[in-house]
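Scroll down for the structure; my scribbles are underneath it.
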Amino acid sequence: MITTLVELYAALDELLDGISDVCQNCADDDCLGYLWLLPEEAENLYEAGVELLEVNEKMAFINPFANGDQIDVEKVKPPCPWCHSRRCSIRSLRPFFCRMYPVNFAAEDNHVYLVLHLDCEYARQREHDSEFHQMVIDLFRRLDPQLFSQILDTYRLVEAISKFPAGNNRYLRLIDVKHLEHIPDERR
């Protein structure tokens, strides 16, 4: 069972081993945008000197406006100030949201799905790889229920104030989170 963020980070890094080689040549902008943080991550990143953006005193994001550019809240996907030449300059500190990409959550019709974002070249290479899909599902099934609830609660807060930008946002549904057996009924 995965009980801590450190264990989860290690499991995600192992699952997505080799992704940085693909990212290096990527022209897609899916890694841009408002990067949400779990409460523990917000604390750790703040202490490490990463500027945060807090919304409604409930959610924290890496501040995409920290680079000194003019603030433009109409910009759908502002660049992460810690990404330089398609490389993360805080790689060892990067949050869950960044570590899990191109795996993510998507909300549709009162359901939350674990998905694989197909706008990512790495994900497209694994679109028909059922073994990889099962590895993703198994990783999330190994999460401690409390940790998974914290992740889902944070995702739902973010989802309530945001939406996918217009245009292509293709993803493959891997599983409805209600089918992840270890999640208590009220969290589904």
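Just so it is clear, none of the values below were taken in a lab; they were calculated from the coordinates. These numbers come from a predicted model, not from an experiment. Cβ sites come from the backbone with ideal geometry, for glycine too, and all protein chains shown count toward neighbours.
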*Can you list residues whose amide H is under 5 Å from residue 105's amide H, if they're 5+ apart or on another chain and H is modeled 1.01 Å from N?*
115
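Sort 172, 16 so the one with the fewest other Cβ atoms within 10 Å of its own Cβ comes first.
The most exposed by this proxy come first: 172, 16.
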